[in-house]
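Notes follow once the structure below has been shown.
The values are calculated or read from the model by the stated rules, or taken from the named source; none is laboratory data. Given the structure is predicted, the values throughout are model-derived calculations rather than measurements. Positions of Cβ are generated from backbone atoms using ideal geometry, with glycine treated the same way; all protein chains shown enter the neighbour counts. Keep in mind that these areas ignore ligands, DNA and RNA; they rest on the heavy atoms of the full protein, side chains included. Shrake-Rupley method; radii C 1.70, N 1.55, O 1.52, S 1.80 Å.
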Amino acid sequence: MTDSYLRSLGFAAVSTTRGANQPTFRQAWRYQHEVATQDGTRLFIEHPLGIEGCRLSSLAAPLARQDVFATVALHDEPGLEAAIENFYAAHGGRGAVAAPVATSAYLPYRRQQ
């Protein structure tokens, strides 16, 4: 999966800032779908560091197994698309486009000299 593929499905990156201590896209990433469900639930997809698959959840960072809706292999695009449709079907269908993801725009103050 690539960034452009995930964006074509309606996902947006949760964090757009890259720090020195953050892993690269190949190692880990997290996205949120731009469309909420009819009941207001949001869909997140993440590829955690060291896991050979991506997880779909209604939580940004699920820690418990029961919080993960589906786990899909990284290169299984038809499986991912089916899991997304199953998620929306389980929550009453697609709703309105939700507000953009809030990202941290913290930049250290630099003194002008």
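Filter the range 66-83 for residues that are touching a Phe, Trp or Tyr at 6+ places or on another chain (Cβ under 8 Å) and farther than 18 Å from Thr41 by Cβ and give the result.
Glu77 - this is the single residue of the range 66-83 that is touching a Phe, Trp or Tyr at 6+ places or on another chain (Cβ under 8 Å) and farther than 18 Å from Thr41 by Cβ.
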Checklist entry - For the range 77-100, what are the residues that are under 17 Å from Thr2 (Cα atoms) and either surrounded by 12 or more Cβ atoms within 10 Å (Cβ to Cβ) or modelled with pLDDT under 90 (or both)? => result Glu77, Gly79, Leu80, Glu81, Ile84
Next on the checklist: So in the range 1-30, with the set limited to residues that are modelled with pLDDT of 85 or more and open to solvent by 80 Å² or more (accessible area, probe 1.4 Å), which one is nearest to the chain's Cα centre (by Cα)?
Outcome noted: Arg30
Checklist entry - Given the conditions (1) among the aliphatic types (A, V, I, L, M); (2) within 20 Å of Tyr5 (Cβ to Cβ); (3) at pLDDT below 85, which single one is not true for Val72? => result (3)
Checklist entry - Of the residues that sit in the range 62-76 and are in contact with a strand residue (DSSP E or B) (Cβ under 7 Å, 6 or more places away or on another chain) and part of a loop (DSSP other than H, G, I, E, B), which one is most open to solvent (accessible area, probe 1.4 Å)? => result Leu74
